[in-house]
Amino acid sequence: MTLFPRVTSPHGHAPQRTDQVMLRVLLATLPGLVALTWNFGWGTLINIVLASATATACEAGVMALRKRPVRFYLSDLSALVTAVLLGLALPPLAPWWLVLMGVAFAIVIAKQFYGGLGYNPFNPAMVGYVVLLISFPIEMTTWITPRELLPEGVSLPGLWQSLQLVLPLPAPTDLAVDAFTGATPLDSFKHNTGLLTEQFYQQTPLFSEAELAGFGWEWVNLGFLAGGGWLLYQRIFTWHAPAAMLAAITLLSGIFYDGGSSTSAGSPLMHLLSGATMLGAFFIITDPVTSATSNLGRLIYGAGIGILVFVIRVWGNYPDAVAFAVLLMNFAAPLIDNYTVPRTYGHARAKRATVKKD
Amino acid sequence: MRKIWDIPGGIHPPENKKQSVDQSIGALPLPDRLVLPLNQHIGAPARPVVKPGDRVLKGQVVAEPHGIVSAGVHASTSGVVESISLHPVPHPSAMSSNCIIVRPDGEDRWIEHQGIADYGSRDPQQLLDIIRLSGIAGLGGAGFPASVKLGPRQPIDTLIINGTECEPYITADDMLMRERPGEIVAGIRILAHILGNPANILIGIEDNKPEAYDALEAALASNSSEGSDIELVDFPTKYPSGGEKQLIQILTGKEVPSGKLPAELGIVCHNVGTTQAIYRAIVLGEPLISRITTVTGQSCAINRNYDVLLGTPVRHLLANNGFDADSCPRLIMGGPMMGFTLENPEVPVIKTTNCILAPSREEMPPAPLPQPCIRCGMCAEACPASLLPQQLFWYAQSENFDRLEAHNLFDCIECGACAYVCPSNIPLVQYYRAAKGEIRTLKQEKIKADHSRQRFEFHKERLERAEAEKAAKREARRRATESARARGAEDDSGITASVATSTEASSTAATSPEAKAPEAGTSAAKATVEDIIMAAKARAEARKASPEQRRAALERGIEAARHRLDSTRQKLADGEADNLGEASLDKLRAAVEDARVKLADAEGKLAKLDLPDSNDSDPADSSRDTGSAERVAKKLGDSPRQQLQGKIAAINNRIAVTEQKLAELTDAATLDALRSGLDKQRQKLAEAQQQLSALPVDTAPAPVESPVQDAAAAAITRAREKAARLAQMSPEEKLRSNLDSLVSRLDKARARLATAIAENADHVETLRTTVVNLESKVREAETKLAQGDH
């Protein structure tokens, strides 16, 4: 008589798999990546390739040391997502060792030391970013001037020239690096002294040439917004955290726009479409591992990040603050979780996760 | 149009229902045997009422419900009971359980049965009894006895009939609604009558069953003249809308409070299959002997619904549908979401078997290895109970039971939606089941531990109380002895020196609570003694006064003992039937033996009580009791010498008893204990004898404080008196007095020897030597006297 195996229910499964989720996240970065590459040249692509190679090597190495099946864990693509997000966030044409160091720190220390995928309390890409920002402030704040704002006769370096700049190769002779580096919109706005906002916008080509806010950067942010919208549509994450973060930034910048006075904190559009706002809102704070779990929790988590981003941008030392804000709220996520357990079916009200029952 | 509420979460797995609805409900040839598990429902197993070899008819009761939450079992065809034995039953653990196995005779002959056409004029309780005896349990999957659900304590205003059937693949209810809508509607009318015609009667159907909806609608239209309105409601298809709690939420917007039953909301919910079964039981008088079961999956050539006799082995069902075992990676009873796998196709179809799913490998490939949880929250989006499955998983993994309960683990209905959507393929439901089981076990252990702790504390307290009582008694006795001694001293010698002792005693008595009025020493001491005597008498009276009460208590005890014996025997029988381990069986056997001994003991006591009782009085008891009172009185009035002699006799007695026990016993441990006890008794005896010999032989006891001092002082006085007397005596008188004393000592020694021999005491030899010595001394003295005479 044949005996059949004993298997636990459910016996069916939706086709969705973790690596497919990760793959969709990677695909969704494409519009933003295109905008970055169009405006700032090959640098971001080189960053991503370097970062991906480093992340894969680090992940495989740690998995081998932990005596886990390497291929199985690499196939979830989570290391690749970390690498791509960090590659997008780093300045184009950053030196190779900067990328390597950041990614290695993100994968080995911020992710694997805590137990690997699913167990890291902090967003690995942001940990890597902050470590670099604090350790190498000059390299981390050297950005490129958008292609179309370059002075007459200066162009962005080509692929080979870019590789020469990034990798430990002999530097290109026919290239003046200072010619194509420049401040970011947020950076330059931070150095506005005493001008009315409108005046400042008119006098700065970064703003005066732009359609909405911050030349080049507006398209980068719109690209990430489009990718994020697609992920939302794909139900990869819920709207709660991004919406709360963007709403918080809009609200605060609306209040502190101050009619465009000389002490204005900048227009809401500038804050929404500059720096890493959209990358953060749709690709960083939606990392489920390090965010709050319930929908209410994610609203609080997202709003907290939005508030911190704005506060640090306006009153802090750094022109942008997504990485700091995310890490600070990563700290708070477990606490938020304790107080935002949803009301379960059949219960009159929600209860705290810390309630003890005898 | 009724308002429909949405439930949170839910999923849309492929329905796979089309393949099994092409053909009408079919019938199968009789199987070569029927396996009828005694427990096809939630609750206590039914009790068999047939024995192997009995002929049974179709519809005959083979097992009766036992307890309130239980359901009977009936033979689903005529035949012979082959055996009542362990057989694999449908259960996730693939366990075996007691089943009645019937070999069909092929005649399929019904037992005589009759329905009730005019149920409307019958008492609902009577109908409930019929439902209960017809063995009807929830056919939707849970198998809760229908009669219990239909007899709630709360008033019911909403009756919901569940025709949702949200699980993929299953079409049993769908086909039943399509083909037998009239029976369902008639069943609903019966349920409504039993529940006192609730204001709302709703049939809930998912919108993927339009044929069933139409059929029911037609049946309702032709039936509308009878009774209250029945509302047919369809709503969007979504898994798990068919869960009782979810359906209630969809149709009423209400949520069943956690841990409560729908009846709390005035709602009762029944499956369409159950409703139809109730119709057949009441109107046709047919018990539940068959049900509609879907046989489906790509490993079966034919996908179809059958009206299957309960007890039909799954193998028989599959064999009639072109089952290809080799292409089937797992065999499922129920649907793909909540069904469980069957290891052995010999298990029977039971009351809750709505589907046998035999998929192919392509249909249900083996689950891939689980990946780490990334807390993506898709599970929380899918959860119909608004739980946080990712957090539950996290805490289940770390066995953090407090957190699991804080996250309402026990509100999980195990629908499997979370595991279905999990991109990491984590078997979430299995984690929850395991954690639930663990928590339940821990709770039971805690209750047990609490009980034994309470028992232990109570026991300790009782021992302490008993010890305190004993100490108080000892104290009272000591005081009484002292005062008695004091009194004796006053009475006998009148020596004023004793006043000191007596005042001391009286002062002790005065400080004690018993002595209410501290008076002069003697009277106070007497009062204490009288108190004690009175108390003893009162106890005796009390014991004598209530033979009826004692008799009643004994009879109660016997009843309880008998009950205990019965239940332990039952347990033993059950245990033997269930093939329990030898160790547990031994334990049960020991329990039975224990219960039997206790019963015999109790009966013996009653018989003893009956014996004097039959003489219409209680002479033995009363004499004993009054005797004890007298003894107490006597003891207290005794002189120290008498007390000592009494004590020695008592010790001798104890020694004799112990020796006899020793002779009978073989157990080493007890033997040693008895021996050491014996030694102690002997030591005590020796001490007592020493004390006695130290006391003056004939004269009244000397009134002194301690016995040793008493004896010494008395001996000195005696010696002095003797010396004085002797000095005055002539030699002949001296000799004569010496002889008298020797003779008296010899008499006493002989008497003691006789007692010792009678009691077989071991100081016989010593006594014998003493007697011999004394005899020679007496002879010597006589010779001397005779010589002096001459």
ask   = Which residues, taken from region A:84-121, are more than 14 Å from chain B (Cβ to nearest Cβ) and either hydroxyl-bearing (Ser, Thr, Tyr) or not in a helix (DSSP H, G or I) (or both)?
value = A:Leu90, A:Pro91, A:Pro92, A:Leu93, A:Ala94, A:Pro95
task = Examine region A:231-246 for a residue that is in contact with a Leu (Cβ under 9 Å, 6 or more places away or on another chain), under 29 Å from A:Gln202 (Cβ atoms) and part of a helix (DSSP H, G or I), and state whether such a residue exists.
result = yes
ask   = If you take the residues in region A:1-23 that are under 28 Å from the mean Cα position of the chain (by Cα) and surrounded by 18 or more Cβ atoms within 10 Å (Cβ to Cβ), which one is farthest from the other protein chains (Cβ to nearest Cβ)?
value = A:Met22
request  = Name every residue in region B:341-359 that is part of a loop (DSSP other than H, G, I, E, B) and farther than 23 Å from B:Ile11 by Cα, in order of residue number.
outcome  = B:Leu342, B:Glu343, B:Asn344, B:Pro345, B:Glu346, B:Val347, B:Val349, B:Ile350, B:Lys351, B:Thr352, B:Thr353
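Check region B:369-390 and report whether any residue there is among the acidic types (Asp, Glu) and out of contact with any Ser or Thr (no Cβ under 8 Å at 6 or more places or on another chain).
Taking region B:369-390 first, the residues among the acidic types (Asp, Glu) are B:381.
So of that shortlist, the ones also out of contact with any Ser or Thr (no Cβ under 8 Å at 6 or more places or on another chain) come out as none.
No, region B:369-390 has no match at all.
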task = Considering every residue within region B:242-259, establish whether at least one is farther than 18 Å from B:Leu159 by Cα and in contact (Cβ under 8 Å) with a residue 12 or more places away in the chain.
result = yes
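With respect to B:Thr274, is the statement that it is away from chain A (no Cβ under 14 Å), within 24 Å of B:Val349 (Cβ to Cβ) and touching a Ser or Thr at 6+ places or on another chain (Cβ under 8 Å) true?
no
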message = Please count how many residues of region B:289-340 are over 18 Å from B:Ser360 (Cβ atoms), away from chain A (no Cβ under 14 Å) and outside any strand (DSSP E or B).
response = 5
message = Among the residues of region A:187-200, what is the count of those that are within 26 Å of the chain's Cα centre (by Cα), outside any loop (DSSP other than H, G, I, E, B) and surrounded by fewer than 22 Cβ atoms within 10 Å (Cβ to Cβ)?
response = 3
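Looking at B:Leu463, is it within 14 Å of chain A (Cβ to nearest Cβ), modelled with pLDDT of 90 or more and either in contact with a Leu (Cβ under 7 Å, 6 or more places away or on another chain) or surrounded by 10 or more Cβ atoms within 10 Å (Cβ to Cβ) (or both)?
Details: within 14 Å of chain A (Cβ to nearest Cβ): no; modelled with pLDDT of 90 or more: yes; either in contact with a Leu (Cβ under 7 Å, 6 or more places away or on another chain) or surrounded by 10 or more Cβ atoms within 10 Å (Cβ to Cβ) (or both): yes.
In short, no.
Listed residues A:Ala79, A:Ala51; which is within 15 Å of the chain's Cα centre (by Cα), closer than 16 Å to A:Val166 by Cα, assigned to a helix (DSSP H, G or I) and in contact (Cβ under 8 Å) with a residue 24 or more places away in the chain?
Numbers: A:Ala79 fails: closer than 16 Å to A:Val166 by Cα.
Answer to the selection: A:Ala51.
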request  = Could you tell me which of the residues A:Gly260, A:Gly306 is more than 13 Å from every other protein chain (Cβ to nearest Cβ) and over 28 Å from A:Val84 (Cβ atoms)?
outcome  = A:Gly260
request  = Would you please list the contacts, defined by Cβ atoms under 6 Å and residues six or more apart or on different chains, that run from a residue in region B:352-375 that is closer than 30 Å to B:Ile42 by Cα and within 12 Å of chain A (Cβ to nearest Cβ) to a residue that is crowded, with 22+ Cβ neighbours inside 10 Å and β-branched (Val, Ile, Thr)?
outcome  = B:Cys355/B:Ile170; B:Cys355/B:Thr294; B:Ile356/B:Val295; B:Ile356/B:Val314; B:Leu357/B:Thr296; B:Leu357/B:Ile332
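Condition first: part of a loop (DSSP other than H, G, I, E, B) and more than 10 Å from chain A (Cβ to nearest Cβ). Now tell me which residues in region B:1-19 satisfy that.
Result: B:Met1, B:Arg2, B:Lys3, B:Ile4, B:Trp5, B:Asp6, B:Gly10, B:Glu15, B:Lys17.
Is it fair to say B:Asp22 is out of contact with any helix residue (DSSP H, G or I) (no Cβ under 7 Å at 6 or more places or on another chain), away from chain A (no Cβ under 14 Å) and over 30 Å from A:His13 (Cα atoms)?
Working: out of contact with any helix residue (DSSP H, G or I) (no Cβ under 7 Å at 6 or more places or on another chain): yes; away from chain A (no Cβ under 14 Å): yes; over 30 Å from A:His13 (Cα atoms): no.
For B:Asp22, the condition - out of contact with any helix residue (DSSP H, G or I) (no Cβ under 7 Å at 6 or more places or on another chain), away from chain A (no Cβ under 14 Å) and over 30 Å from A:His13 (Cα atoms) - is not met.
For region B:223-243: of the residues being polar (S, T, N, Q) and out of contact with any helix residue (DSSP H, G or I) (no Cβ under 8 Å at 6 or more places or on another chain), which is modelled with the highest pLDDT? Outline the logic, then answer.
Our first condition is that a residue be polar (S, T, N, Q); within region B:223-243, this holds for B:223-225, B:228, B:237, B:241.
Checking the rest, the ones that are also out of contact with any helix residue (DSSP H, G or I) (no Cβ under 8 Å at 6 or more places or on another chain) come to B:224-225, B:237.
On the way: B:Ser224: 67, B:Ser225: 63, B:Thr237: 94.
If we take residues in region B:223-243 being polar (S, T, N, Q) and out of contact with any helix residue (DSSP H, G or I) (no Cβ under 8 Å at 6 or more places or on another chain), then B:Thr237 is modelled with the highest pLDDT.
Could you grab me the full set of residues in region B:396-416 that are in a helix (DSSP H, G or I), more than 8 Å from chain A (Cβ to nearest Cβ) and within 24 Å of A:Ala14 (Cβ to Cβ)? Step through it out loud before you land on a result.
So in region B:396-416, the residues in a helix (DSSP H, G or I) come out as B:396-397, B:401-406, B:409-411.
Narrowing further to those that are more than 8 Å from chain A (Cβ to nearest Cβ): B:396-397, B:401, B:404, B:409-410.
Within region B:396-416, B:Ala396, B:Gln397, B:Leu409 qualify.
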task = Could you grab me the full set of residues in region B:423-433 that are farther than 20 Å from B:Ser258 by Cα and either within 8 Å of chain A (Cβ to nearest Cβ) or surrounded by fewer than 19 Cβ atoms within 10 Å (Cβ to Cβ) (or both)?
result = B:Pro423, B:Ser424, B:Asn425, B:Pro427, B:Gln430
query = Limited to region A:26-59, what total is found for residues that are buried (at least 16 other Cβ atoms within 10 Å of the Cβ) and more than 30 Å from A:Glu148 (Cβ to Cβ)?
reply = 5
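Could you pull out the residue among B:Ser93, B:Ser85 that is over 30 Å from B:Leu195 (Cα atoms), part of a loop (DSSP other than H, G, I, E, B) and of a type in the set (S, T, N, Q)?
On the way: B:Ser85 fails: part of a loop (DSSP other than H, G, I, E, B).
Criteria check complete, one pass: B:Ser93.
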request  = Tell me which residues, restricted to region B:385-395, are within 26 Å of B:Lys254 (Cα to Cα) and more than 7 Å from chain A (Cβ to nearest Cβ).
outcome  = B:Pro389, B:Leu392
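Got a sec? Which of B:Pro384, B:Pro329 is under 30 Å from A:Asp76 (Cα atoms) and surrounded by fewer than 22 Cβ atoms within 10 Å (Cβ to Cβ)?
Being under 30 Å from A:Asp76 (Cα atoms) and surrounded by fewer than 22 Cβ atoms within 10 Å (Cβ to Cβ) holds for just one of B:Pro384, B:Pro329, which is B:Pro329.
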inquiry  = So the check is Cβ under 7 Å with 6+ separation or different chains; which pairs have a first residue in region B:427-449 that's within 19 Å of A:Thr8 (Cβ to Cβ) and outside the structural domain of B:Gln397 (by TED's automatic domain parsing) and a second one that's among the aromatic types (Phe, Trp, Tyr) and exposed (fewer than 11 other Cβ atoms within 10 Å of the Cβ)?
reply    = none
request  = Please work out which one of (1) within 8 Å of chain A (Cβ to nearest Cβ); (2) in a helix (DSSP H, G or I); (3) farther than 25 Å from B:Pro336 by Cβ; (4) free of Cβ contacts under 8 Å to residues at least 24 places away in the same chain is the condition B:Arg453 fails and give its number.
outcome  = (1)
inquiry  = Just to be sure before I move on: is A:Arg349 surrounded by fewer than 20 Cβ atoms within 10 Å (Cβ to Cβ) and either within 14 Å of chain B (Cβ to nearest Cβ) or not charged (D, E, K, R) (or both) in the structure I sent?
reply    = yes
query = Of everything in region A:242-265 that's buried (at least 20 other Cβ atoms within 10 Å of the Cβ) and modelled with pLDDT under 85, which residue is nearest to A:Met329 (Cα to Cα)?
reply = A:Ala265
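The values are calculated or read from the model by the stated rules, or taken from the named source; none is laboratory data. Because the structure is a prediction, the values reported are computed rather than measured. Virtual Cβ from ideal backbone geometry, glycine too; neighbours counted across all protein chains shown.
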